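Okay, so here's the structure we're looking at.
The values are calculated or read from the model by the stated rules, or taken from the named source; none is laboratory data. All values reported here derive from a predicted model rather than from experimental measurement. In case anyone asks, the SASA skips ligands and DNA or RNA and just uses the protein heavy atoms, side chains included. Shrake-Rupley method; radii C 1.70, N 1.55, O 1.52, S 1.80 Å.
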Amino acid sequence: MSKPVILTGLRANNDLHIGNYFGALLPLIDMAKKHAGKYQINLFVPDLHSFTTPVDHSKLYEQTMHNLKLFVAAGLPLDNPDVHLYRQSFISAHSELTLILNCFTGFGEMSRMTQFKDKSATLGDDRVSVGLFDYPVLMAADILLYSAEYVPVGDDQSQHIEITRDLGMRINNQFGELFTLPRTVKEQHKFFGKDQGLRIKDLVDPTKKMSKSDESGRGIVFLGDDPKAAAKKIMSATTDSLSSVNLDYKKQPGISNLLQIHALFSGESLETVAKHHKNKASYGDLKKEVAEEVEAFLADFQTKLKNVDESALMAKLETSENAMNEVANTTLAKVQKAVGLRG
Ligand code: ADP
Ligand code: TRP
């Protein structure tokens with residue numbers, strides 16, 4: 001019996017920031033370490049998804065490779081045979097299955113996807129591509145090709161899991177059991193014990209989440225930031241004039257965010273950190289502690305990144321991409337036969 005598959009993709013459009021690191025990268029690596037053995041873990045960079053919104057194509061390949069290195073620097077075990085690491089576009093079945101699935105997907109149902117509506121609202125009409133519209137179908141192909149049951153994603157992607165189930169079910173009903181469906185979002189949450197709560201906020205505007213879409217970059221700590229410059233960003237983080245440190249996201253969003261970041265870097269609970277600083281009148285100590293932690297973390301992380309064994313990474317990609325091509329092509333062949341493309 002093959003092992004049940006856990007699968008997820010992390011987009012590589014920009015350098016990642018500490019929100020992505022604590023909110024996505026570390027949980028993924030912990031998950032991979034925890035479940036390898038009983039499960040097969042598929043981690044991939046959805047490079048074809050990268051330019052559903054405009055990107056600098058001259059940097060895309062480099063960015064993809066950089067983000068793969070980030071996985072390794074953050075602790076992804078490359079020597080585990082249950083962990084597969086690959087690039088979407090290196091497995092052509094993703095594109096081929098997408099074209100087939102397209103013809104079983106309604107124009108109306110794609111138009112209702114919240115992410116499409118949100119993203120297209122921020123782009124000019126002529127920049128909204130068919131690729132963006134088709135984003136969820138490609139994502140469905142990513143999942144269905146490998147019979148993935150568990151797909152850890154952020155809340156904003158739940159609708160895409162549901163549409164994957166709908167498409168898979170629709171095709172199974174018409175052609176017989178071709179696809180294993182991913183579990184429902186509710187079951188996924190139960191399986192991963194999902195704590196969707198973590199949202200590091202922007203340092204300049206702590207009412208917003210830290211996000212790479214913030215163009216100034218002043219409120220974001222990127223993993224590639226110069227450690228000293230990142231410490232400065234912390235020192236100039238927006239706070240308030242209440243002169244009392246309290247964990248209160250409504251009244252003191254900036255201070256609460258710093259406490260949260262402090263907790264994540266120190267490995268202590270948020271409660272412990274908040275208690276330690278409670279009611280202190282000066283914000284300087286807290287900022288200094290966090291700035292030092294961020295500086296030390298980045299220096300250490302960047303050393304690890306420099307030391308990533310590139311040949312081991314390339315070897316892993318090659319092994320995984322060969323193995324995944326085989327799995328994906330087997331699923332694709334069944335679908336091609338069912339829809340009448342093969343005899
Ligand atoms: P961004 O907003 O920077 O574009 P994405 O939407 O691409 O980030 O999210 C990539 C992953 O990182 C998702 O799993 C998301 O939940 C996580 N993530 C993004 N921003 C944060 C944040 N500020 N705090 C915690 N997790 C985050
Ligand atoms: N859409 C996901 C995101 O933006 C990335 C992604 C692409 C993905 N294909 C996937 C996640 C398949 C899980 C499974 O975060």
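Which of the aspartates and glutamates could a cross-linker bridge to residue 33, judged by Cα under 14 Å and excluding same-chain residues fewer than eight apart?
79, 82
With the chain treated as a Gaussian network of Cα nodes joined by springs under 10 Å, which of 270, 167, 16 yields the largest mean-square fluctuation?
Evaluated over the chain, the most mobile residue of the options is 270.
Working from the pairwise distances between different alpha carbons, so that the mean of 1/r is found and then inverted, what is the stretch 227-305's Kirkwood radius in Å? Could you put the intermediate results ahead of the total?
Details: mean 1/r = 0.0788 Å⁻¹.
When all Cα pairs of the stretch 227-305 are included, the Kirkwood radius is 12.7 Å.
What is the antiparallel percent of DSSP beta bridges lying wholly in the chain, to the nearest 5?
Working: 2 of 14 bridges.
Antiparallel bridges make up about 15 percent of those DSSP assigns within the chain.
Tell me, what is the per residue accessible area of the chain in Å², probe radius 1.4 Å? Present the calculation step by step, with values, prior to reporting the outcome.
On the way: 16420 Å² over 343 residues.
For the chain, the solvent-accessible area averages 48 Å² per residue.
What is the helix-to-structure angle for 93-102, meaning the angle in degrees between its Cα long axis and the longest Cα principal axis of the chain, kept from 0 to 90 and rounded to the nearest 10?
Between the helix axis and the principal axis of the chain, the angle is about 80 degrees.
I'd like the carbon and sulfur percentage of the solvent accessible area for the chain, probe radius 1.4 Å, heavy atoms only, ligands and nucleic acids excluded. Intermediate results must be reported in sequence, preceding the final value.
Details: 8670 of 16420 Å².
Exposed carbon and sulfur together represent 53 percent of the surface.
Relative contact order for the chain using alpha-carbon pairs under 8 Å, separation at least 6, rounded to a whole percent? Present the calculation step by step, with values, prior to reporting the outcome.
Working: 463 pairs, mean separation 69.8, N = 343.
After rounding, I find 20 percent.
If the reach is capped at under 21 angstrom between alpha carbons, list the lysines near residue 250, excluding any in the same chain fewer than eight residues apart.
Those lysines meeting the cut-off are 201, 208, 209, 275, 278, 280, 287.
So how compact is the chain: Cα radius of gyration and Dmax in angstrom?
Using the Cα atoms of the chain, the pair Rg, Dmax is 21.6, 77 Å.
Of the candidates 269, 89, 158, which one comes out as most mobile in a Gaussian network treatment of the chain with C-alpha springs shorter than 10 Å?
Highest fluctuation of the listed residues: 269.
Dividing the convex hull volume of the alpha carbon atoms of the stretch 169-211 by its residue count, what do you get in Å³ per residue? Mind dumping the intermediate values first?
Details: hull volume 4.9 nm³, N = 43.
Taking the convex hull of the Cα positions in the stretch 169-211, it is 114 Å³ per residue.
If you average the sequence gap of Cα pairs under 8 Å that are 6 or more apart and divide by the length of the stretch 227-305, what percent do you get for the contact order? Please report the intermediate quantities before stating the final value.
Numbers: 85 pairs, mean separation 32.5, N = 79.
Rounded, it is 41 percent for the stretch 227-305.
Given the Cα atoms of the stretch 38-133, and with Rh set as the inverse mean 1/r over their pairs in the Kirkwood sense, what is Rg to Rh to two decimals?
Working: Rg = 16.3 Å, Rh = 15.8 Å.
When Rh is taken as the Kirkwood radius, the ratio is 1.03.
For the stretch 237-276, report the translational diffusion coefficient in µm²/s to the nearest whole number, using Stokes-Einstein at 4 °C, 1.567 mPa s, and a Kirkwood Rh over Cα pairs. Before the final figure, lay out the partial values.
Working: Rh = 10.1 Å.
The calculation lands on 128 µm²/s.
Would you work out the relative contact order for the stretch 163-240, in percent, from Cα pairs under 8 angstrom that are 6 or more residues apart?
Details: 55 pairs, mean separation 14.7, N = 78.
Reported as a whole number, the value is 19 percent.
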